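Below: the structure, in structure tokens.
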Amino acid sequence: MSTQTPDSFEWTELDRRAVDTARLLAADAVQKVGNGHPGTAMSLAPAAYTIFQKVMRHDPADPEWAGRDRFVLSPGHTSLTLYTQLYLAGYELELEDLRAFRTHGSKTPGHPEYGHTAGVETTTGPLGQGAANAVGMAMAARYERGLFDPEAAEGTSPFDHTIWAIVSDGDLQEGVSAEASSLAGHQRLGNLVFLYDDNHISIEGDTATAFSEDVLKRYEAYGWHVQRIEPLENGDVDVHALYAALTAARAETARPSIIAMRTIIAWPAPNARNTEASHGSALGDDEVAATKRLLGFDPEKSFEVPGDVLAHTRTALDRGAEAHAAWDKRLDSWRGERPERARLFDRVLAGQLPEGWEDHLPVFEEGKAVATRAASGKVLQALGPVVPELWGGSADLAGSNNTTIDKTSSFLPRGNPLPEADPYGRTVHFGIREFSMAAEMNGIALHGNTRVYGGTFLVFSDYMRNAVRMSALMQLPVTYVWTHDSVGLGEDGPTHQPVEHLASLRAIPGLNVVRPADANETAIAWAEILRRHGTRPAPHGLALTRQGVPTYAPNADAAKGGYVLEESSKDTPDVVLIATGSEVHLAVAARETLEAEGIGTRVVSMPSVEWFEEQSPAYRDSVLPPSVKARVAVEAGIGLTWHRFVGDAGRIVSLEHFGASADAGTLFAEFGFTPENVAAAARPPSMRPRAWRTHVVDPIARKKMITVSEATAAAGALKRLSDEGVSIWLDDLSRERITSGNLAGVVATRHVVGVTTNPSIFQAAIGSGEGYQEQLADLAVRGVTVDEAVRMMTTADVRAAADVLNPVYTSTGGRDGRVSIEVDPRLAHETAATIAEAKQLAWLVDRPNVMIKIPATKAGLPAITEVIGLGISVNVTLIFSLERYREVMDAYLAGLEKAAARGIDLSTIHSVASFFVSRVDAEIDKRLTVLGTDEALALRGRAALANARLAYQAYEERFGSADDTTRGGDRWTALAGARANKQRPLWASTGVKDPAYKDTLYVDELVAPGTVNTMPEATLNATADHGVITGDTVTGGYAQAHADLAAVEALGISYEEVVTRLEDEGVAKFAVAWQDLLDAVTKSLDTRELDAEGPDTEGADAE
């Protein structure tokens, strides 16, 4: 754009004032919004101005001009460096846009955003990546030249242009810039120039804190052309020296160039210059005014742009038009000389593919086992000769990734000794530099006019992640080829086996993850990715197998992301199996088993969740009929993706832990990825008719088989819950659960460390009769009373359960491993009788890890004190009221004091206070629904959590924090000195009553250290399957909890009336359940007594 030479370089007074204008625009913009990064924009203004006004070839009237130089501002935080130059040069930015800096909807966001602001070539902000983007752009420029004009002499082609980048201290500290710079030096990218802003300032102060290397010597070792320019005596940029260095760098075409430029941040602000504060904070009104006075501007004016300055800088439009016209003339000449390449250029520029390209896609033989990585390699080799703009490579894993598109042509500079070296080669060797490879691919895509891909192992996508995120943020059509996509890679073991990666990558908005089932799906996937390049640009990640998988007939619907691969024999399937990648053939095999059993089974292959979700609702429903609730998703990774597809009634066969070193077949079998296990997962009780009873998997076998349930719980939500300090107890017990090994199984695999029982649980267990027949017959013969019979059966179950949990009891020092049994609920209002019953139960069970449950009624409180005082551990139950809970804690403390007075070792006494949760919501929600106002309805589902959270606040007030960083009351402190144990809060009634609520609501939202959550089995299963444990969800919610209960009270719903009613109902319900149990046992005993006496013979012939 400029024809000046170093000797003829002109720098006028208008240029100086334009630079000062840019500096003050940056200061004013940050001052107006109150935040931002003014300092670097001020000190870089002369450099950016020199590039945009004196050196760079660009046309502000056509920011997308193919012949332009590219400019990258790698330190995106100094976005005003770029915005001020775009405004001054005449891009689509006006002064009002600078006034709107960092505000919603403005063209001047905090960091430059590609596609949002004209003239911004890439989104920058994460330091170092802009440098790598620039390297990618330089690579693309060279490849583009090779596509369209390889024979032209250096500097004569319309496709010759320069990539300019400003990089900072922070950029050059980031490893990604080192990776990219090393590759740039190796590739001898003579079209790349870095201007290094060496200002010695970072957020923490002088860069001497962390950065002392000689940067230029490092770059010299990389093979770069290096220059350094010194500042003027006053500290400002020497623009004459800068211009000479920039022109020298542009003239150096055999290697990339870096120019180190010492600057003083925030120059010339009199007080803020050379301070870390000016890096990321507004200068302040006084400092801005002082700077304006220093530069000869009116301190009372903001965003002042003198008319003659703007007219001077806007001549960039004229120079740009001239440069553009001259380039058009050269391009027209080239078109005449190279008509075939001109047609290629026009097609590529339009984002179109060559006619008939799809005919070259390979079709793979059905039934043959082919690794999808191998199929991908065949697709690339088939399309290579047809789609010349397609190029790419691997991070030193080409042989494993199958990413070599042409073995005879490597993208390497002239002078490289390898025989396949070609400066315009098809196959890129990115080296072991995954992060920079991804960022360079972004730069290649941003440059335009080629289609790029890059490969590595899926597990190493972690190295690339932030660059992949930037791909998605900019919606760049890059293709990541990630192979070895599961534990199926085998012997390399867990360091190389991706587990969380698929779900993690799918969590990036705008990234399309494609995991084809077989070779033909792989070809269809590649074709769809290529089609989308020009019509729906977005990054894609292909997840491909190492191991061979069966090949099915090609189905074009794979391009829709999900389709019916195998149909059910029934018009409406009984179950739908959803699978991806190497697990699809498992689903197909499982279907055969299920269909043979009369279970209509559809198999859906879903290579891309994102593509599938783009389809119309009608199509999605045709694949996954809403009426079919029985669904199983199968994927050899964590199951996070699949909950929304399988719903509450579905199952997920997933891998919720790291892998191991073994062959793929062993690992798939060990971790449950077998047709048998998929079929087992497709037979949940909710959809199992009588005919399927023979297919029930016994609990021990299931523990070994189904990864979605017992075998994976140890690494899932239940483990996270346990790790947060929550003891998981099972709120259920039956003889069958004990004798079948189920209780031992959940203890071993689900982090269950305790059991609670209540009259309703025993009524359901014993009332069914299963497992109790033999004991009932013995009791009937002995003629025991029904009360004795019930106590003998229930204590036998509790004793056996206590034995199962004894190892937990021992390993936790008595804290867990507990089994609770309740006193006769009919005694709830009788203190003396409750005490006697508690002593009797403790004697009958005769296990140190038993807990006696006593209700928190008024009569129960002194009983709690006395029983604790006897050294018996107590589970206080039926607590609804915060006031009653405080009384329970006081009763416990009084009991400890009694025990201490009796000389009992306090460390042997444990207690929990069972605070009931869901019943509170059930009662208050009912009243809120009757009110029916928006305010009332908005409070539904909040009272129970609020009540529980305030209970935990009361616990902390009485006992201190769970980690003892804050003290409890004096009374507790004295007892703690005697080795007493805190009475832990226990969340009871944690199964939701309202089906509209998430079934893990009272688990996910009541995570706090030092608590117990006793769950019914359904809630335990739900938590294992899709619980979301994100840390403490209680202690930060006290203020909101107070507000929620106050809001309920303000609507006329009496808290005291509700909790009193719930206590009365709770006692009554348990009494009814107990009576029902007695009645059922009475009937059983009577029946067995008759059987023992023999048949009625009255009136029969004795002979």
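Read-outs: derived from the displayed coordinates by stated rules, not from any lab. The shown structure was predicted, so the numbers you read here are calculated from the model rather than taken from an experiment. So basically every Cβ, Gly included, is an ideal-geometry build from the backbone, and we count neighbours across all protein chains shown.
Based on the Cβ-Cβ distance from Gln775 to Ala833, what FRET efficiency comes out when R0 is 22 Å, to the nearest 0.05?
0.25
Using a 7 Å offset from Cα along Cα-Cβ at Glu13, what residues in the range 296-330 end up with backbone N under 19 Å from the label point? Only 296-298, 305-314 fall inside the zone, counting backbone N under 19 Å. Here r is the Cβ-Cβ distance between Ala901 and Thr973 and R0 is 22 Å; the resulting FRET efficiency, rounded to 0.05, is 0.80.
Between the range 24-90 and the range 227-272, the C-alpha centres lie 16 angstrom from each other. For Lys329, a cut-off of 28 angstrom between C-alpha atoms picks up these lysines, skipping any fewer than 8 places away in its own chain: Lys54. With the charge dipole of the range 13-322 set up from +1 on Lys and Arg Cβ and -1 on Asp and Glu Cβ about the Cα centre, the Cα lying farthest toward the positive end among the listed residues Ala140, Gly205, Val120 is that of Ala140.
For the chain, with only Lys/Arg (+1) and Asp/Glu (-1) charged at the beta-carbon, what is the dipole magnitude about the Cα centre, in debye rounded to 20?
For this selection, approximately 1000 debye.
Here the 3J(HN,Hα) profile of the range 537-546, calculated from phi with Karplus coefficients 6.51, -1.76 and 1.60 at θ = phi - 60°, is x, 6, x, 10, x, 8, 9, 10, 7, 7 Hz, Gly and Pro shown as x. Taking 0.36 nm per residue of sequence separation and removing the Cα-Cα distance, the Ala369/Glu1057 pair yields an extension gain of 240.8 nm.
Quick one: work out the % antiparallel among DSSP beta bridges in the chain, nearest 5.
Values: 8 of 95 bridges.
Counting DSSP beta bridges with both partners in the chain, the antiparallel share is about 10 percent.
Residue by residue, the range 1049-1065 carries 3J(HN,Hα) couplings of 4, 5, 7, x, 9, 7, 4, 4, 5, 5, 5, 5, 4, 5, 5, 4, 5 Hz when phi is fed to the Karplus relation 6.51 cos²θ - 1.76 cosθ + 1.60 (θ = phi - 60°); x denotes Gly or Pro.
With respect to the chain, whose longest principal axis is taken over its alpha-carbon atoms, helix 918-931 is tilted by about 70°. Spin-label model, Ser811 to Arg940: label points 7 Å out along the Cα-to-beta-carbon direction sit 4.3 nm apart. Averaged over residues, the count of other Cβ atoms within 10 Å places the peptides 910-917, 46-53, 1004-1011 in the sequence 910-917, 46-53, 1004-1011, highest first. Label sites at Leu295 and Ala859, each approximated as a point 7 angstrom past Cα along Cα to Cβ, lie 8.6 nm apart.
Label point of Ser661 set 7 angstrom out along Cα-Cβ; within the range 478-504, amide nitrogens under 14 Å from it belong to 490-497. For Lys982, a cut-off of 18 angstrom between C-alpha atoms picks up these lysines, skipping any fewer than 8 places away in its own chain: Lys853, Lys898. Approximating the spin labels as points 7 Å out from Cα along Cα→Cβ, the Glu96-to-Lys1069 distance works out to 6.3 nm. Given R0 = 60 Å, the distance between the Cβ atoms of Ala618 and Glu220 translates into a calculated FRET efficiency of 0.45.
Using only Cα atoms and rounding to the nearest 10 degrees, what angle (0 to 90) does helix 339-349 make with the longest principal axis of the chain? So the helix axis and the longest Cα principal axis differ by about 40 degrees. In summary, the aspartates and glutamates within cross-link reach of Lys998, defined as a Cα separation below 12 angstrom excluding same-chain residues under 8 places away, comprise Asp648. Length available on full extension from Ala153 to Ser961: 0.36 nm per residue minus the Cα-Cα distance, which gives 283.3 nm.
Only helical DSSP H runs with n ≥ 4 go in: add -39500 (n - 2.57) per run for the chain, normalise by residue count and round the 222 nm mean residue ellipticity to 500 deg cm²/dmol. Here the helix-only value at 222 nm equals -14000 deg cm²/dmol.
Taking the chain as the reference, fit the longest principal axis to its C-alpha atoms, fit the long axis of helix 759-768 to the helix C-alpha atoms, and give the angle between the two in degrees, 0 to 90, nearest 10. For helix 759-768, the angle is close to 70 degrees. Rounded, prolate or oblate, given the Cα gyration tensor of the range 181-247, with a/c below 1.5 counting as rounded? It comes out oblate by the Cα gyration axes.
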